[in-house]
2 protein chains.
Amino acid sequence: MAPPKSSTAKTPDPYRRTRRDHTTETAEDYVEAIDGILTEQGECRVVDLARHFAVSHVTVTRIVARLQEAALVVTERYRPIQLTEKGKKLATASRERHEIVYRFLLAIGIDAATAAIDAEGIEHHVSPRTLKRFGEIARAGQLT
Amino acid sequence: MAPPKSSTAKTPDPYRRTRRDHTTETAEDYVEAIDGILTEQGECRVVDLARHFAVSHVTVTRIVARLQEAALVVTERYRPIQLTEKGKKLATASRERHEIVYRFLLAIGIDAATAAIDAEGIEHHVSPRTLKRFGEIARAGQLT
DNA sequence: TTCAAAGTGTAGCCGTGGCTACATTGTTGT
DNA sequence: ACAACAATGTAGCCACGGCTACACTTTGAA
Ligand SMILES: [Mn+2]
Ligand SMILES: [Mn+2]
Ligand SMILES: [Mn+2]
Ligand SMILES: [Mn+2]
């Protein structure tokens with residue numbers, strides 16, 4: 001019942017996958033946050049993201065610059081941040097996945113506060129297969 | 001049904017928690033791997049860990065040095081790596097948590113290969129409450 | 001015994017995501 | 001109109017986890 005090919009196995013895959021998940025995690029969380037702020041406030045500034053993630057504005061500026069290189073956002077100096085079509089698509093996909101994970105945790109009986117915290121980390125490591133299953137269970141509602 | 005305090009909420013907690021999880025992730029995975037290799041081969045060398053994680057031996061050496069500063073392992077130059085008592089405890093806890101997450105994924109109907117990969121990333125973001133619930137569901141066996 | 005291969009260490013590079021301190025630009029109220 | 005303040009940009013630091021290249025030990029076969 002232990003994970004197949006236990007600790008010493010030549011299984012680079014899981015670790016490489018986890019590392020890759022972490023490299024895309026920032027982009028996903030940022031476009032998701034930008035999308036949400038745009039919806040609720042009409043515009044999204046660097047300072048909004050700094051507050052949202054509880055980091056300095058410098059960290060946000062550098063990350064947003066990379067998002068622009070990745071064609072996920074467009075910005076002009078001293079102007080608010082806009083999402084490209086590509087960015088909007090990624091934001092939508094990220095938000096949907098995030099919500100499925102969150103609702104799944106609620107469905108298996110986790111309290112809302114804990115579910116919100118855990119979902120923020122778990123969401124980036126859920127494969128399409130597992131996400132599908134999470135969605136089914138979430139839709140089925142309460143778990144006996 | 002969306003996560004409470006959606007995107008624009010002043011909720012630094014989840015992101016800070018996720019970041020903190022990532023800082024402890026390396027230590028947990030390493031002591032878990034060292035423990036497994038010690039069990040299966042009697043000794044654990046830098047090169048074993050490099051193979052296990054599919055990284056260079058340099059990366060392993062530097063990380064092991066930090067584990068030693070954290071009193072999780074003991075090493076002498078050119079000698080195999082040993083776990084301290086503290087290291088053994090963390091290894092055991094990490095392995096148990098890892099296996100609960102893995103078996104939970106199997107219980108909800110995920111195939112073994114996918115479960116093994118997803119568990120590697122998910123395990124570090126599961127709070128004690130959620131872990132408890134995962135354990136219950138895993139023990140309950142198949143999910144209708 | 002010796003010496004070649006395997007293992008380990010070290011120097012020095014990169015990208016990412018944190019930070020503080022300071023410079024510059026935009027905006028707004030008086 | 002302009003001064004003060006908020007927002008943004010820039011310089012430069014750190015820790016972490018990757019890497020290559022090269023130097024040094026250990027070890028085992030010949
Ligand atoms: Mn998210
Ligand atoms: Mn997240
Ligand atoms: Mn692990
Ligand atoms: Mn993670």
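Bear in mind these aren't lab numbers, they're just calculated from the coordinates by the rules spelled out. Small disclaimer: the values here were computed from a predicted structure and weren't measured. Every residue, glycine among them, receives a Cβ derived from its backbone with ideal geometry; neighbour counts consider all protein chains shown.
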Taking Cα atoms, the helix B:12-41 axis meets the longest principal axis of chain B at an angle in degrees (rounded to 10) of 50
Dipole of the protein assembly as shown (Lys/Arg Cβ +1, Asp/Glu Cβ -1, origin at the Cα centre): which of A:Ala138, B:Thr59, A:Gly121 lies farthest to the positive side? B:Thr59
When all alpha-carbon pairs of chain B are counted, what percent fall beyond 19 Å? 60
Give the angle, between 0 and 90 degrees and rounded to the nearest 10, that separates the Cα long axis of helix B:85-107 from the longest principal axis of the Cα atoms of chain B. 40
Averaged over residues of B:67-79, the number of beta carbons from other chains lying within 10 Å of each residue's Cβ is 0
Report the local net charge at A:Gly87: Lys and Arg +1, Asp and Glu -1, summed over other residues whose C-beta lies under 13 Å from its C-beta. -1
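Please give me, ordered by residue number, the trypsin sites (Lys or Arg not before Pro) of region A:63-117 that lie in loop per DSSP and have at most 15 other Cβ atoms within 10 Å. Walk me through the numbers before you get to the answer.
Details: sites: A:Arg66, A:Arg77, A:Lys86, A:Lys88, A:Lys89, A:Arg95, A:Arg97, A:Arg103; in loops: A:Arg77.
For trypsin sites (Lys or Arg not before Pro) across region A:63-117 that sit outside H, G, I, E and B with at most 15 neighbouring Cβ atoms in 10 Å, the list reads A:Arg77.
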Using only the alpha carbon atoms of the protein assembly as shown, find the Kirkwood hydrodynamic radius as the inverse mean reciprocal pair distance, in angstroms to one decimal. 20.3
Relative contact order, percent, region B:18-140 [alpha-carbon distance under 8 Å, six or more residues apart]: 25
Residues meeting the amide H criterion for A:Cys44 (H placed from the backbone, H to H distance under 5 Å, 5 or more places apart or on another chain) are A:Ile81
Helix A:112-122: inclination vs chain A longest Cα principal axis, degrees, rounded to 10, gives 90
So what's the gap between the Cα centers of region B:66-144 and region A:15-32, to the nearest angstrom? 21
Measuring from a point 7 Å past the Cα of B:Ala50 along Cα-to-C-beta, which residues in region B:71-92 have an amide N at less than 15 Å? B:78-81
